[in-house]
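Only one structure is covered here, and it is reproduced in the block below.
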Amino acid sequence: MYRKEVNERSPLRVFERSIHGGLGRGNLGVIISRAGIGKTAFLVDIALDDLMRDRKVLHVAINDSVEQVRRFYDEVFVELAKITGLEEVDEVRLSVERNRHIHSYKDVSFSVDRLVAVARFLKEHAEFAIDALMIDNFPFASATEKEIASIKELAGELDCEVWLTALSRRDMEKGAGGYPDPVAPFDALLSVKIYLESRTGAIRLRLLKDHENENLADLMLDLDPTTLLVKDRQEAS
Amino acid sequence: MTPAGGGNGKMSHQISNVRNIGISAHIDSGKTTLTERILYYTNRIHDIHDVNGKDGVGAKMDSMELERERGITIQSASTYCEWKGHHVNIIDTPGHVDFTIEVERALRVLDGAVLVLCSVAGVQSQSITVDRQMKRYNVPRIAFVNKCDRSGANPIRVCRQLREKLGHNAVMLQLPIGLESDHAGVIDLVTMKAYYFEGEKGEVIREDAIPPSMAAEAEEARETMLDAVSLFSEELTEAILEGSITEELIHDAIRAGTINLDLTPVLCGSAYKNKGVQKLLDAVVRYLPSPTEIRNEAISLDLPEEIHVVTNQPDDPVLALAFKLEDGPYGQLTYIRIYQGTIRKSDTLINSRTRKKTRIGRLVRMHADEMEEIETAAGGDIVALFGVDCASGDTFFSPGFEFSMTSMHVPDPVISLSVKPKDRKAQDNLSKALARFVREDPTFIAETDPESGETIISGMGELHLDVYIERMRREYNAEVVTGQPQVAYRETITVQAPFNYTHKKQTGGSGQFGRVEGYLHPVPDEEFTFKSEVKGGNIPTEYIGACEKGFRSMIDEGLLVGFPVVGLGVVLNDGASHSVDSSDAAFQAACRGAFRETYSKAKPILLEPVMNVSLEGPSEFQGEMLRTVMQRRGIVIGTTDERDFVRVDSEVPLSEMFGYATTLRSATQGKAEFTMEFSRYAPVPKEIAAERIEEIRKARNEKEGRNVS
């Protein structure tokens, strides 16, 4: 299979249809789950889907080193190439790496101001116009509304989609649909909220918020528990 | 002081009191200055000189002129000293990545190391590379945070970096008393005393009570230290609970943790200002292992699976490893580490590689470029032999005890260039120089190009080759003209392609006949695979080997541009033979024919070596750093925020890295630095490949044209 076909047949298209054509540039989306469910893997899936369509991705790692994140991408990529029988693997990988920039805050504390500076810098000085910004392990617990607003502003300024991951804990206050919601205070600034939970043989993805869409009852998908790739509807049912 | 084992030829030291250590560090951490101070305090030298010395004498360990000029250490000279009844052999290790084989060789024979770090710059990219090598050879380490007198010094931050960046369980055993220009001494958290280094050259140590202003900080640091080290000793844990801690118990626990590589004790001071060096020596003999506490293995020459754990016993048969050769003013000097047995003058030993008998003429103990003759040396020690013919990495053993020390990891060279002597005299000298360098350094290769007759030298990087060219000129008086550096390209195929080839020849006498059928296919990560699926004896079994040989003979020179082929799989699934005319030669010819006919159908491409390049520099130069990488077809993998510094990880084709050091220096006002390591072979992008292939072909044609004319 060639890269184009891999994209067209990507289960992420199903996911995009579920959220009305995707997150959309200038918007913020959050992936929420308990520890160890696969937030990062799902984030990398979304990023790879962008990368394989020649879109540029800035991946911000808050607790992991560049090397760790890179290994994560490599593993998911190899798996994806294997399942889809991707051809010209080396060339595709090269273009994926060219379109991706990992920025790590492993040894220093993360600051939104620094992040904004880095993103602007990449655009202005490194010819790296970001299409999607992935922020893994965003510290929602200590975040202020002003910080989230700065990120939203950045998304508008760079005209990119922003995905963040948030950690939930059992003892957290329950939000919409009875799920723990660590990002509730920032709802007004977030366009899409997804909750990942573990089910037998699959990871279930539930939409907690989908732009202005009020009817969220049916919006759920199952993900393959090892690759975290979305299973086709038929396959899932 | 009588140097152990020297002069009278008697081994005055117990093996448990021997320490074989390396001093390993980033290039500007002050390693050579530290070594110099160690030799001074142990009475091995009687005055102190600086590395970049104004007095023209230079530090003792940098014995090569070139090193003296550049202020860096290239060759790992060995020396020794005595400290409080212990015999310490010191191998000075180089601090540049292009010379990693030197570092690795030194690490192979070390039992422990002092990792020197700059208290301002902290853990830099180079320290990370060196640390990775030490991990590979399981070398226990203690860290010395040097340059506490410098502005911006912060040893506690460096200790934290050791934990965060290198993953060490690093624990401060000392606190600095004053930093920058106020740096006066150290607080020892084991004895809970302050130590000041006084006298003209810091040789007088004054013990005093901890300054009251630091008492609380010291108490807290001691608690942290005790928490960490008590993990390695139940006795200490009990003593802490009972309130009966002794210094001895703490030392024992630190030692246990260090030797198991579970703990890195951190000391601090300033070698240049003569602070803390003697306390570091105490730590070396206290916490680093003796040869008997390290497991070293030898492999049987006849049965590779048979392992012998070396005994260090003086009465056992000899096992010794030649880890370094040096061409001194008095002939070839071979540094050896003795793993067991006793070597005496005029003994006969066997070289494991050549199996030749070697008579030990002179046995010496080296001190940079001076030496002392000795009569005997025993297991655990590091000494040098004179006039012995061998290569670096050879093992010597007693007749009948046929073991070899584990071979060292030798990477393939990635860069080459041609060298041409300027005149007749230089020609002879060049030959001598090359013969010597090849023996000294297994990553340095010299060969003659069969087509052009030119001499080609290959190595691990541009600087690696530069140093040898300098040495040709300086040490051997061989002036050479060098060609453009060439990268070691490879070829590989990308798609499966079938073949069906008949080799038939009838020119009177016995004919030749062989038909082979099958396919070529890409096998990434392998060099060459061959599989026969021929059924029913269509190709008789006795010719299958010839078929493999036929294909294999073609991979040294691919048909795209003539570089070695990698990742080639051959599957043979049918064929035909003739009862009279088929032969080994006929099938080999058939396979060569099949390869020639099919190779281009398998869409061959050019592969080039790609290097991992890590840059580190002040944040304000981030843009320049990224630009230098991108201008060189590099891929920026990522960036890491490190307070005022930024680290850029990238992959850059080696062919684009020539002259990079200069570019980076001028782009960042000399404030950024980089390290480079071979990563993998990757396809040359299509648009560049066509151009590159054209260039290579053109250069080759020109060369051939020249040879013909």
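Things worth noting here:
Table: residues versus (1) of a type in the set (Gly, Ala, Ser); (2) over 22 Å from residue B:130 (Cβ atoms).
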position	(1), (2)
B:626	no, yes
B:632	no, yes
B:639	no, yes
B:642	no, no
B:654	no, no
B:664	no, no
B:672	yes, no
B:695	no, yes
B:698	no, yes
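Let's see how each residue does on (1) buried (at least 18 other Cβ atoms within 10 Å of the Cβ); (2) at pLDDT 95 or above; (3) farther than 30 Å from residue B:680 by Cα:
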{"residue": "B:539", "(1), (2), (3)": "yes, no, yes"}
{"residue": "B:544", "(1), (2), (3)": "no, no, yes"}
{"residue": "B:563", "(1), (2), (3)": "yes, no, no"}
{"residue": "B:575", "(1), (2), (3)": "yes, no, yes"}
{"residue": "B:578", "(1), (2), (3)": "no, no, yes"}
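- Number of the condition not met by residue A:37 [criteria: (1) open to solvent by less than 50 Å² (accessible area, probe 1.4 Å); (2) in a loop (DSSP other than H, G, I, E, B); (3) modelled with pLDDT under 70]: (3)
- Residue count for the stretch B:299-355 under the criterion of being out of contact with any Lys or Arg (no Cβ under 9 Å at 6 or more places or on another chain), among the aliphatic types (A, V, I, L, M), surrounded by 17 or more Cβ atoms within 10 Å (Cβ to Cβ) and part of a loop (DSSP other than H, G, I, E, B): the result is 1.
- Check on residue B:457, open to solvent by 50 Å² or more (accessible area, probe 1.4 Å), touching a helix residue (DSSP H, G or I) at 6+ places or on another chain (Cβ under 9 Å) and within 24 Å of residue B:557 (Cβ to Cβ): no
- Only one of the numbered conditions (1) open to solvent by 10 Å² or more (accessible area, probe 1.4 Å); (2) in contact with a Pro (Cβ under 8 Å, 6 or more places away or on another chain); (3) modelled with pLDDT of 85 or more is violated by residue B:83, and that is (2).
- For the stretch B:153-169, the set of residues classified as within 14 Å of chain A (Cβ to nearest Cβ) and of a type in the set (A, V, I, L, M) consists of B:158, B:162, B:166, listed by residue number.
- Leading residue by the ranking (most open to solvent (accessible area, probe 1.4 Å)) among those in the stretch B:468-491 that are over 24 Å from residue B:608 (Cβ atoms) and of a type in the set (A, V, I, L, M, F, W, C): B:481
- Residue in the stretch B:512-529 that is open to solvent by 80 Å² or more (accessible area, probe 1.4 Å) and at pLDDT 90 or above present: no
- Residue that is farthest from residue B:492 (Cα to Cα), among those in the stretch B:584-609 that are open to solvent by 10 Å² or more (accessible area, probe 1.4 Å) and in contact with a Ser or Thr (Cβ under 8 Å, 6 or more places away or on another chain): B:588
- Lone qualifier among B:702, B:687 - being at pLDDT below 85, part of a helix (DSSP H, G or I) and within 14 Å of chain A (Cβ to nearest Cβ): B:687
- Scan of the stretch A:66-117 for residues that are more than 19 Å from the chain's Cα centre (by Cα), more than 11 Å from chain B (Cβ to nearest Cβ) and touching a residue at least 40 places away in the same chain (Cβ under 8 Å), ordered by number: A:83, A:84, A:85, A:86, A:92
- Spans of helices (runs of 4 or more DSSP H) in the stretch B:583-682 with at least 3 residues free of Cβ contacts under 8 Å to residues at least 40 places away in the same chain: B:622-630, B:660-667
- Residue in the stretch B:559-600 that is nearest to residue B:531 (Cα to Cα), counting only those that are in contact with a helix residue (DSSP H, G or I) (Cβ under 6 Å, 6 or more places away or on another chain) and of a type in the set (Val, Ile, Thr): B:570
- Within the stretch B:411-441, the set of residues being part of a loop (DSSP other than H, G, I, E, B) and surrounded by fewer than 18 Cβ atoms within 10 Å (Cβ to Cβ) comprises B:411, B:412, B:422, B:423.
- For residue B:620: the one exception among (1) open to solvent by 10 Å² or more (accessible area, probe 1.4 Å); (2) touching a Ser or Thr at 6+ places or on another chain (Cβ under 6 Å); (3) within 14 Å of another protein chain (Cβ to nearest Cβ): (2)
- Positions within the stretch B:518-543 being among the small types (Gly, Ala, Ser) and without any contact (Cβ under 8 Å) to a residue 24 or more places away in the chain, in sequence order: B:536, B:537
- Of the listed requirements (1) modelled with pLDDT of 70 or more; (2) open to solvent by 20 Å² or more (accessible area, probe 1.4 Å), residue B:47 misses just one: (1).
- Boolean, residue B:150 is under 24 Å from residue B:646 (Cα atoms) and within 14 Å of chain A (Cβ to nearest Cβ): no
This table checks each residue for (1) in the same structural domain as residue B:91 (by TED's automatic domain parsing); (2) surrounded by 24 or more Cβ atoms within 10 Å (Cβ to Cβ); (3) hydroxyl-bearing (Ser, Thr, Tyr); (4) at pLDDT 90 or above.
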{"residue": "B:117", "(1), (2), (3), (4)": "yes, yes, no, no"}
{"residue": "B:121", "(1), (2), (3), (4)": "yes, no, no, no"}
{"residue": "B:132", "(1), (2), (3), (4)": "yes, no, no, no"}
{"residue": "B:139", "(1), (2), (3), (4)": "yes, yes, no, no"}
{"residue": "B:161", "(1), (2), (3), (4)": "yes, no, no, no"}
{"residue": "B:168", "(1), (2), (3), (4)": "yes, no, no, no"}
{"residue": "B:173", "(1), (2), (3), (4)": "yes, yes, no, yes"}
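- Take the conditions (1) free of Cβ contacts under 8 Å to residues at least 60 places away in the same chain; (2) on the phi < 0 side of the Ramachandran plot; (3) more than 10 Å from chain B (Cβ to nearest Cβ); residue A:54 misses just one of them, which is (2).
- The listed residue being part of a helix (DSSP H, G or I), within 14 Å of chain B (Cβ to nearest Cβ) and either at pLDDT 95 or above or surrounded by fewer than 19 Cβ atoms within 10 Å (Cβ to Cβ) (or both), out of A:157, A:124, A:153: A:124
- The stretch A:127-144, residues that are loosely packed, with under 14 Cβ neighbours inside 10 Å and facing chain B (nearest Cβ under 9 Å): A:127
- Residue match in the stretch B:184-197 (condition: open to solvent by 60 Å² or more (accessible area, probe 1.4 Å) and of a type in the set (A, V, I, L, M)): no
- Among the residues making up the stretch B:639-674, those that are within 14 Å of chain A (Cβ to nearest Cβ) and buried (at least 22 other Cβ atoms within 10 Å of the Cβ) are B:639, B:640, B:641, B:646, B:647, B:648, B:649, B:650, B:652.
The values are calculated or read from the model by the stated rules, or taken from the named source; none is laboratory data. Keep in mind the model is a prediction, meaning the values are calculated, not measured. So basically every Cβ, Gly included, is an ideal-geometry build from the backbone, and we count neighbours across all protein chains shown. Note: areas computed on protein heavy atoms with side chains; ligands, DNA, RNA excluded. Shrake-Rupley method; radii C 1.70, N 1.55, O 1.52, S 1.80 Å.
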